[in-house]
Amino acid sequence: MANWLYDALFAPLAGRHAAFLYLPDGAAVSGAKFHDMIAELGAALRAAGVAKGDRVAVQAGKSPQALAIYAACVSIGAVYLPLNPAYTPAEVDYFVGNAVPRLFFCDPSARGTLAPIAARHGARLETLAADGTASLPLIGGVGFTPTPCTGADLAAILYTSGTTGRSKGAMLSHDNLLSNAQVLADLWRFTAGDVLLHALPIFHTHGLFVATNTVLAAGASMIFLPSFDVPQVLAALPQSTVMMGVPTFYTRLLDSPALTRDLAAHMRLFVSGSAPLLAETHAAFKERTGHAILERYGMTETNMNTTNPYDGARRAGTVGMPLPGVELQIMDGAAVLPQSAIGMITVRGPNVFGGYWQMPEKTAEELSADGWFSTGDLGMIDDLGYVQIVGRAKDLIISGGFNVYPKEVELLLDAAQGVLESAVIGLPHPDFGEAVFAVLTAHKGADLDVGAVLASLGGQIAKFKQPKGAVVVSDLPRNAMGKVQKAELRKAYGDWFSKSS
Ligand code: AMP
C-alpha cells in the first residue's frame, strides 16, 4: 500500500550509494544510509507506541538524525512537530499541551526541566543530542514497511511564529508538502546533480520543507551545516550549486570581502525568502557575484505561493508570480480588487494547509469553506503581473483616518542619504490616533541626521505618511528567520508621542 509523501521523497533514497548529505566534518551520508536511518527510526517509533496520526515533537539541534525523525514520522503516518530550540520551557509547555504528542524528543541538557511538562501532558520523553545520539531504543530497520497514507493524511504541524497572540499549529498534509516540492523542483530547475547549501534551521518551513523536500524531489544532495556561519558558508560555496537563505544571510555574506564572483562561479541559483529582501542587497549581490537573487514568497500555512522567474526578470522588491496550481487574489473584504490596488493577499491551491490544530474558530476566520486562505499580508499585483508585498495587515498604520502602508515609507527612507534600513510603525498619538514613526539603522560610518532624513521625504509623499518621529538604532530586532519584529518596536517606543506632546 502506498504512502503518498514517503514513496515520492524518501523511498528513492534506497540503494542510492551517492551522498545525500555532506557534513561539515567531511563525512557524507549516502542516500541508502539515510534510508536505513529512516527505517530504523520508523521501527523504533512504532515500537514505542507511536501510531498513525500521533504527534511526535522534536526540540533539538540540527542533525541528520533530526531530519531522519521527520522522514520516519512520514513513513509511519505520524505527525512531525518541530520546535525552535530557543523556546523556553513555558513556551514548550504551551506547544506540548496544545498538540499532546505521543513522544517528545528534547536535548539531553533540557531533560530535567522538561520531564514534568512531558509527564503532565502524557508525552513520553526521549532525548536527541546535537551529535544525533538518541535515547530511544533502536531495534533495527530490516523488514520495515511504511504505513499506508493518502495525500490528505497529516504529515506535520508547524506552529506559526505568533508575533501577536498565541502560536497556532498549521496542519500540513502529505499532498500540501509534495505538490509544493514538485512544483519548486521543476520551476527552479533542480536536477540530481544539484548540491544545495543548507544553512537554515530545520524547525521552520523554509529549511525543512522548501529546501529539503525540493532537494529530495529532485534526487539532489545537500551540504548540511548546523547553522549559518559566514566562513563555513563561504568555504562551501565552491562545492554547491544552489543556496536558499533569508535576507540576512545575503547581507552578512556581502559584509565579507571574501565573497567574490570567482567564489560563486559554481553556483547556479541563490533564493531568498521569509522576509523582504532590500533592493539594495539585490543590487549589491548582483554587482559582487553576477547572480540575481531569486525572491519568493510563502508562509508556514501555505508553503510557497509565488516566485520570481528562473528565466526572465527577477525584479527586486517583488516576489514574482503565483506558482502553477496556486490561485492568488487581492481582496478587500469579499471584493476582488483590480491590478495595482492594494489589499489582502488571498491564496488557494494544493499547497494551502487544512486549518489550525484544534482551533476551528481561528481556522474559520482565515480559511474559507471553498479553500481561500487570507494570508494576513497586504500587497498588490503590479502592471507586469508580479506580486508586491507592502506589509502585514496588522502593521498597517491608520493615521488621522488615512491608511499608511509602511513599505512605501520604508522604501523612501532606505533610499535617503546614510540610511541602511528602516522599519516604519504606527504608534498611539493623541491627535491622529496613530502616527507614523521610523526606526532607522545607518550605513557603516554614516552619522545620521534624523531631521535631515525626515525632511528629505517632504514633497515625496503626503504629509500624513511622513514620520512624525524617528530614532536611530544599531540593529533592528529580528527573529530566527530574519523577520523584523515590529511588535517589539511598537512596545519599545509605544509612549513616544504621548511623552513628546
Ligand atoms: P512564516 O510563516 O514564518 O514563514 O512567515 C510568513 C510571512 O513571512 C509571510 O506571511 C510574509 O509576511 C513574510 N514573507 C515571507 N517571504 C517574504 C518575502 N519574500 N518578502 C516579504 N515578506 C515575506
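So the values come out like this:
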quantity	calculated
Matching residues, the stretch 172-204, being open to solvent by less than 40 Å² (accessible area, probe 1.4 Å), hydrophobic (A, V, I, L, M, F, W, C) and within 15 Å of the ligand (Cβ to nearest atom)	Leu172, Leu177, Leu184, Trp188, Leu200, Ile202
Residue list for the stretch 473-483, restricted to those being open to solvent by 30 Å² or more (accessible area, probe 1.4 Å), modelled with pLDDT of 90 or more and of a type outside the set (Asp, Glu)	Val473, Ser474, Pro477, Arg478, Asn479, Lys483
Entirely in the stretch 340-421, the strands (runs of 3 or more DSSP E) that have 1 or more residues that are within 15 Å of the ligand (Cβ to nearest atom)	343-348, 373-381, 387-392
Boolean, Thr88 is on the phi < 0 side of the Ramachandran plot, polar (S, T, N, Q), more than 16 Å from the ligand (Cβ to nearest atom) and out of contact with any Leu (no Cβ under 6 Å at 6 or more places or on another chain)	yes
Odd one out for Val424 among (1) out of contact with any Pro (no Cβ under 6 Å at 6 or more places or on another chain); (2) within 16 Å of the ligand (Cβ to nearest atom); (3) closer than 27 Å to Tyr159 by Cα	(1)
Residue under evaluation Ile69, criteria (1) part of a helix (DSSP H, G or I); (2) closer than 24 Å to Arg166 by Cβ; (3) among the β-branched types (Val, Ile, Thr), criterion not met	(2)
Any hit, the stretch 444-453, residues being within 23 Å of Phe249 (Cβ to Cβ), in a loop (DSSP other than H, G, I, E, B) and either at pLDDT below 95 or hydrophobic (A, V, I, L, M, F, W, C) (or both)	yes
Criterion (among the small types (Gly, Ala, Ser), crowded, with 21+ Cβ neighbours inside 10 Å and at pLDDT 95 or above) met by exactly one of Ala115, Ala68	Ala68
Which numbered condition Glu126 misses (of (1) open to solvent by less than 20 Å² (accessible area, probe 1.4 Å); (2) among the charged types (D, E, K, R); (3) in contact with a helix residue (DSSP H, G or I) (Cβ under 6 Å, 6 or more places away or on another chain))	(3)
Some residue of the stretch 257-279 being among the aromatic types (Phe, Trp, Tyr) and touching a helix residue (DSSP H, G or I) at 6+ places or on another chain (Cβ under 6 Å)	no
Any hit, the stretch 132-143, residues being open to solvent by less than 20 Å² (accessible area, probe 1.4 Å), within 16 Å of the ligand (Cβ to nearest atom) and among the hydrophobic types (A, V, I, L, M, F, W, C)	no
Qualifying residue in the stretch 144-157 (condition: small (Gly, Ala, Ser) and within 16 Å of the ligand (Cβ to nearest atom))	yes
Checking Leu454 against (1) open to solvent by 50 Å² or more (accessible area, probe 1.4 Å); (2) without any contact (Cβ under 8 Å) to a residue 60 or more places away in the chain, the condition it does not meet	(1)
Qualifying positions in the stretch 301-325 - in a loop (DSSP other than H, G, I, E, B) and open to solvent by less than 20 Å² (accessible area, probe 1.4 Å)	Glu301, Thr302, Asn308, Thr318, Val319, Gly320, Leu323
Some residue of the stretch 38-49 being surrounded by 21 or more Cβ atoms within 10 Å (Cβ to Cβ), in a loop (DSSP other than H, G, I, E, B) and of a type in the set (Val, Ile, Thr)	no
Top-ranked residue of the stretch 217-274 - restricted to ones that are among the β-branched types (Val, Ile, Thr), farther than 30 Å from Leu5 by Cβ and within 16 Å of the ligand (Cβ to nearest atom), ranked as least open to solvent (accessible area, probe 1.4 Å)	Thr248
Wholly enclosed strands (runs of 3 or more DSSP E) of the stretch 161-239 bearing at least 2 residues closer than 26 Å to Val96 by Cβ	169-173
Total residues in the stretch 296-327, condition acidic (Asp, Glu) and more than 13 Å from the ligand (Cβ to nearest atom)	2
Test: residue in the stretch 95-107 that is in contact with a Cys (Cβ under 6 Å, 6 or more places away or on another chain) and open to solvent by less than 40 Å² (accessible area, probe 1.4 Å)	no
Single unsatisfied condition, Glu434 versus (1) among the acidic types (Asp, Glu); (2) in contact with a Ser or Thr (Cβ under 7 Å, 6 or more places away or on another chain); (3) part of a loop (DSSP other than H, G, I, E, B)	(3)
Filtered residues of the stretch 427-451 (kept if touching a Pro at 6+ places or on another chain (Cβ under 7 Å) and crowded, with 22+ Cβ neighbours inside 10 Å)	Val436, Phe437, Ala438
Ala470, sole failed condition from (1) buried (at least 19 other Cβ atoms within 10 Å of the Cβ); (2) more than 16 Å from the ligand (Cβ to nearest atom); (3) under 30 Å from Leu323 (Cα atoms)	(3)
Arg55 vs. criteria basic (Lys, Arg), touching a His at 6+ places or on another chain (Cβ under 8 Å) and open to solvent by 20 Å² or more (accessible area, probe 1.4 Å)	no
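To keep it simple, each residue is scored yes or no on (1) farther than 18 Å from Gly169 by Cβ; (2) in contact with a Lys or Arg (Cβ under 9 Å, 6 or more places away or on another chain); (3) not polar (S, T, N, Q).
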residue	(1), (2), (3)
Pro108	yes, no, yes
His121	no, no, yes
Ala130	yes, yes, yes
Ala134	yes, no, yes
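The values are calculated or read from the model by the stated rules, or taken from the named source; none is laboratory data. Quantities reported herein were computed from a predicted structural model and do not represent experimental measurements. Every residue, glycine among them, receives a Cβ derived from its backbone with ideal geometry; neighbour counts consider all protein chains shown. Calculation scope for accessible area: heavy atoms of the full protein, side chains included, ligands and nucleic acids excluded. Shrake-Rupley method; radii C 1.70, N 1.55, O 1.52, S 1.80 Å.
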